[in-house]
Amino acid sequence: MKKNRIFNTITLLSASVIVFIVLAALLFTGIIDEYNGQLLTLAGIYIIVSLSLNLITGFTGQLSLGQAGFMSIGAYSSAIAMMNFHLPLVVSIIIGGLVTAVFGLLIGFPTLRLRGDYLAITTLGFGEIIRVIMVNLETYTGGAAGLKGIPSFSDTGDFLKDSIIKFSWVYVFVIITIVIVNNLINSSPGRAIVSIREDEIAANSMGINVSYYKIFSFTMSAFLAGIGGALYAVYFGYLNPVMFWFLTSVNFVVIVVLGGMGSITGTILAGVGFTYIQEWLRFFKDFRLVIFGLALIIVMLFWPRGLMGTNEFSIVKFVRKYIRKEHEGGSSKPSKIKGVK
Amino acid sequence: MLKIEGLNVFYGTIHALHDINFEVNEGEIVTLIGANGAGKTTTLHSISGLIEPKTGSISFMGSPITGVAANKIVKMGLCQVPEGRRIFANLSVLENLEMGAYTRNDKHNLKDDYEVVFTRFPRLKERIKQIAGTLSGGEQQMLAMGRALMSRPKLLLLDEPSMGLAPLLVKEIFSIIQDINKAGTTVLLVEQNANMALSIATRAYVLETGHIVLSGDAKELAASEEVRKAYLGG
């Protein structure tokens, strides 16, 4: 078992390093132009927040419509940490995550009593409350006029270099998020979380501390969303409470549902797809929302469980299959590896 | 093994259980029978910690478990198979069984337990990779029971295992319950199918609108005029 885990980790790590080098090289040589580089970076941030939402909605089964609220807490707290306390970038981003986690813990408590629609409404309200607070805390957040002058990832003056550095920062955090969520889901707490989604009473009768794991999942989800928000703040260099209104939360729900509730790879695919479709449809102006809604309906008609359902595309499995073919039959004993991405 | 004294449970202002007293001794199959709404499931849920009783005490193996969290009660060796099976529908059969062993710390013994469950329910072994939601009703009941057995319970609480099953399957499930009991697990069985329940139980309690109205040896109860009239169709 241990050996498998090491093998999985190495495969995953090398795969992500290869993907990174390829993407960075494409960016550097200009095959992927700056515009697409920016989009990929933004997609990375969307992926982080969507994964955090998938953790709570897809894996734990608690519908949250307040993810943008979490995101804005992370964004503002890290921006304040950087601008008012002059903390380094990494520290600020992590502070953004931690502050949001505290709020996640707080919102986790009402979730113990609320279910389904009621919980969705509560989290929606939470998101709106946060937005209104951000508008009114003018001294720190700049209020409705927004917060300007957030330091960027890098300031070399070289446009190309800046965009590669931006991309690298976000990419590293995407990988970290994927690793965290993936390891969590395949661990013992992860099993507990999934069983809560499946059936709370049964989970309870199997000896799972349902309350604990629900709050745990909310806190974890908030932490990741906060990290995503912090990256968002640095990426744009400007924050305005309107960026985190209700429809932003809905966008993340759309990504998670499109990708498949409970699928990490699905969320990644849908995150990238969503970012691009949103851009392509920009020339339709306001009509893009209509087209977007239409596209959603079509997807839901033909893939009601999202693109991936609860399945995962597993690089590790892929590599394993390849290796086995190389060894020509090698061992015929069935491997008991679960869908580890 | 399990002792319940003066149990009173309320749902809001509704008094669901009135001064329930009963006990289960080690090695027995005790059944709790009664009509719909008599309070059978409520009793089970109070035992397994899903509902908090207003007054009264419940003790298991000598230690009080009133107000103890449900997950801790499972660790003490008291496991419930909930009504309507409540398997984890999107997980495979194997994963369901794994969830049953969630509270266990002795990983190395698990293999034997899988074997025990699979010899008792050969059908589960055939379907080990199948998604649990696609199993038939009877197989789901078997899975729910197998899952509970994975926690190595000393006392197994079964809530209406015959619910929604064909008569032939009910017979099979009940003979399995007897086997489980013979292998050393004490069973508290809640049933509407009084005939079947009384046929395998050692002792029985009859619940009626929150009161225990009759109790005694299962065979005697099955023969008694009152029970025959009320529950066994004459």
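Of A:VAL181, A:VAL91, A:VAL170, the residue with the greatest mean-square motion in the GNM of chain A, using alpha carbon springs below 10 Å, is A:VAL91. What shape does segment A:39-258 take by its C-alpha gyration tensor, where a ≥ b ≥ c are the square roots of the eigenvalues and a/c under 1.5 counts as rounded, a/b above b/c as prolate, and the rest as oblate? Judged from the Cα gyration tensor, segment A:39-258 comes out prolate (a/c at least 1.5, a/b above b/c). Rounded to the nearest whole angstrom, the semi-axes of the ellipsoid equivalent to the protein assembly as shown, taken from the Cα gyration tensor as √(5λ), stand at 53, 28, 20, largest first. Counting charges near B:PRO161 (Lys, Arg +1; Asp, Glu -1) among other residues having Cβ under 11 Å from its Cβ returns a value of -4. GNM on chain A, C-alpha springs below 10 Å: top fluctuator among A:GLY229, A:GLY74, A:GLY146? Looking only at A:GLY229, A:GLY74, A:GLY146, the biggest GNM fluctuation is shown by A:GLY146. Other residues whose C-beta falls under 13 angstrom from the C-beta of B:GLY67 contribute a net charge of +1, scoring Lys and Arg +1 and Asp and Glu -1. Residues whose amide H falls under 5 Å from that of B:LEU214, counting only those 5 or more places apart or on a different chain, are B:VAL206, with hydrogens built in the peptide plane. Among A:PHE274, A:PHE284, A:PHE85, which one shows the highest mean-square fluctuation when chain A is modelled as a Gaussian network with alpha-carbon springs under 10 Å? Comparing A:PHE274, A:PHE284, A:PHE85 in a Gaussian network model of chain A, the most mobile one is A:PHE284.
Please report, in debye to the nearest 20, how large the charge dipole of the protein assembly as shown is about its Cα centre when each Lys and Arg carries +1 at its beta carbon and each Asp and Glu carries -1 there.
Numbers: 49 positive and 41 negative charges, 281 e Å.
The calculation lands at about 1340 debye.
If you take the square roots of the eigenvalues of the alpha-carbon gyration tensor of segment B:27-182 and sort them as a ≥ b ≥ c, do you get rounded (a/c under 1.5), prolate (a/b over b/c) or oblate? Oblate, since a/c reaches 1.5 and b/c is not below a/b.
From most to least packed by mean Cβ count within 10 Å, the peptides A:204-217, B:142-155 give B:142-155, A:204-217.
Each peptide in A:285-293, B:219-227 was scored by the mean count of other Cβ atoms within 10 Å over its residues; highest first, the order is B:219-227, A:285-293.
The alpha carbon centroids of segment B:128-159 and segment B:15-75 are separated by 21 Å. Peptide packing: for B:160-166, A:19-25, the average count of neighbouring Cβ atoms within 10 Å per residue gives the ranking B:160-166, A:19-25, highest mean first. Mind listing the phi-derived Karplus ³J(HN,Hα) values for segment B:167-172, rounded to whole Hz, using 6.51, -1.76 and 1.60 with θ = phi - 60°, and x for any glycine or proline? Result, ordered by residue: x, 5, 5, 4, 4, 4 Hz.
Inter-chain neighbour count for A:192-203: the average number of beta-carbon atoms from partner chains within 10 Å of each residue's beta-carbon is 6. The relative contact order of segment A:39-258 comes to 46 percent, based on Cα pairs under 8 Å that sit 6 or more residues apart. Oblate is the label for segment A:1-147. Its Cα gyration tensor axes, ordered a ≥ b ≥ c, give a/c of at least 1.5 and b/c at or above a/b.
Throughout, read-outs are computed from the coordinates displayed, never taken from laboratory work. Here the structure is a predicted model, which is why all the values come from computation and not from measurement. Glycine gets a Cβ as well: all are built from the backbone with ideal geometry, and neighbour counts include every protein chain shown.
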